[in-house]
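Chemist: Let me give you the structure first, and then I'll get to my questions.
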Amino acid sequence: MGTMNSGFAAGIADRVKGTAKHVVGALTGDESLKREGELHRDKAQAAADARRLEGAAEHEQRKAEVTERRQEVSTERDRLQAETAADTREQKIQREQAARQREAQQEAARREGAVEQQAAAQRDALARQEQQAAAERVRADTEAARLEAKARQAERAADVIDPDNA
């Protein structure tokens, strides 16, 4: 920016010098001095135009850099949004898989419980049947013992009635 200020000051100096030479040349009739003054003014104008164009070019360069940076930011934002969306989808899939796995485990546990209940019911039924069979054996043994005792008693009674048959 210091070069621009010194260029600006030099341009003003050339313009003043050119105007002075032009006026002096016009007043004195010195065409060479007049043309030299015009050349100084043209040089000053060209330098001013160059500074203006350089400033415009720098401005356009900054605008292009800002536009490029905005595009980079936009691209990065789009990438981050896509990445976030992908992460969100992945998390949703993982949650759904975990839920399905929990449901499957719960269903397996429910079925296992049902099988265990059925096995327990069968064991209970078998135990009752065994108890009933044991009770029936006891009754049958008791009845057999009672009948044997009755048969022995009948034999003794028969021996008393007919001692010869004994």
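Chemist: Of Glu54, Glu31, Glu72, Glu60, which residue is within 30 Å of Ala9 (Cβ to Cβ), among the charged types (D, E, K, R), within 56 Å of the chain's Cα centre (by Cα) and surrounded by fewer than 12 Cβ atoms within 10 Å (Cβ to Cβ)?
Modeler: Answer to the check: Glu60.
Chemist: To continue, here is another question. Taking into account only those residues within the range 1-20 that are at pLDDT below 75 and open to solvent by 90 Å² or more (accessible area, probe 1.4 Å), which is nearest to His59 (Cα to Cα)?
Modeler: Here the answer is Met1.
The values are calculated or read from the model by the stated rules, or taken from the named source; none is laboratory data. Predicted model only: the values in this text are computed from it and were never measured. Note: ideal-geometry Cβ built from the backbone for every residue, glycine included; neighbour counts use all protein chains shown. Each accessible area value is taken on the protein alone, full model and side chains, heavy atoms only, with ligands, DNA and RNA left out. Shrake-Rupley method; radii C 1.70, N 1.55, O 1.52, S 1.80 Å.
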